[in-house]
Amino acid sequence: MITEREKAFVDWWKKTRDSGKGLAGLWLKGLRWGLVFACLIVVSFLFDWHKAAGMWVRTHFGGSGAVVMLLAGLLIVVFMAFFYRQHKWEMYE
């Protein structure tokens with residue numbers, strides 16, 4: 001037996017299912033979560049929240065540590081943006 005809430009969800013999903021179906025739609029809708037996650041990691045490194053991790057990055061990467069952190073942040077944003085929305089899409093299906 002389907003409740004009114006479930007019926008409302010099915011109707012909503014029928015209307016909005018095709019709006020974000022492509023790769024760009026999934027990526028753009030999940031972008032903010034990727035940015036939030038990457039920004040939190042960068043802030044934790046800037047304020048030396050985990051001192052051992054900061055020392056490790058400075059020791060192993062030297063002057064290129066900022067470039068490595070920037071690339072890692074970009075990869076985190078792309079990964080989180082796409083896979084977060086893809087997971088949410090699959091849960092709705």
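Computed from the coordinates by the stated procedures, all read-outs in this text should not be read as laboratory data. Quick caveat: nothing in here was measured; it's all calculated off a predicted structure. Here Cβ is always computed from backbone atoms with ideal geometry, including for glycine, and neighbour counts include all displayed protein chains.
Using Cα springs under 10 Å in a Gaussian network model of the chain, which residue among GLY30, GLY65, GLY73 shows the largest mean-square fluctuation?
Ranking GLY30, GLY65, GLY73 by mean-square fluctuation puts GLY65 first.
Net charge within 15 Å of THR59 by Cβ-Cβ distance, Lys/Arg positive one each and Asp/Glu negative one each, not counting THR59 itself?
+1
Using Cα springs under 10 Å in a Gaussian network model of the chain, which residue among ALA81, ALA72, ALA38 shows the largest mean-square fluctuation?
For the chain, modelled as a Gaussian network with Cα springs under 10 Å, the answer is ALA72.
Per-residue ellipticity at 222 nm for the chain, helices alone: DSSP H runs ≥ 4 residues times -39500 (n - 2.57), over residue total, nearest 500 deg cm²/dmol?
-28000 deg cm²/dmol
For the chain, just the Cα atoms, rotate onto the principal axes and tell me the three extents in Å, largest first.
Per principal axis, max minus min of the Cα coordinates gives 60, 25, 15 Å.
Count the lysine pairs in the chain whose Cα atoms lie under 24 Å apart, taking only pairs 8 or more positions apart in sequence or on different chains.
Going through the chain pair by pair, I get 10.
So if R0 is 30 Å, what FRET efficiency would VAL57 and GLU90 give, r being the distance between their Cβ atoms, rounded to the nearest 0.05?
Efficiency for this residue pair is about 0.30.
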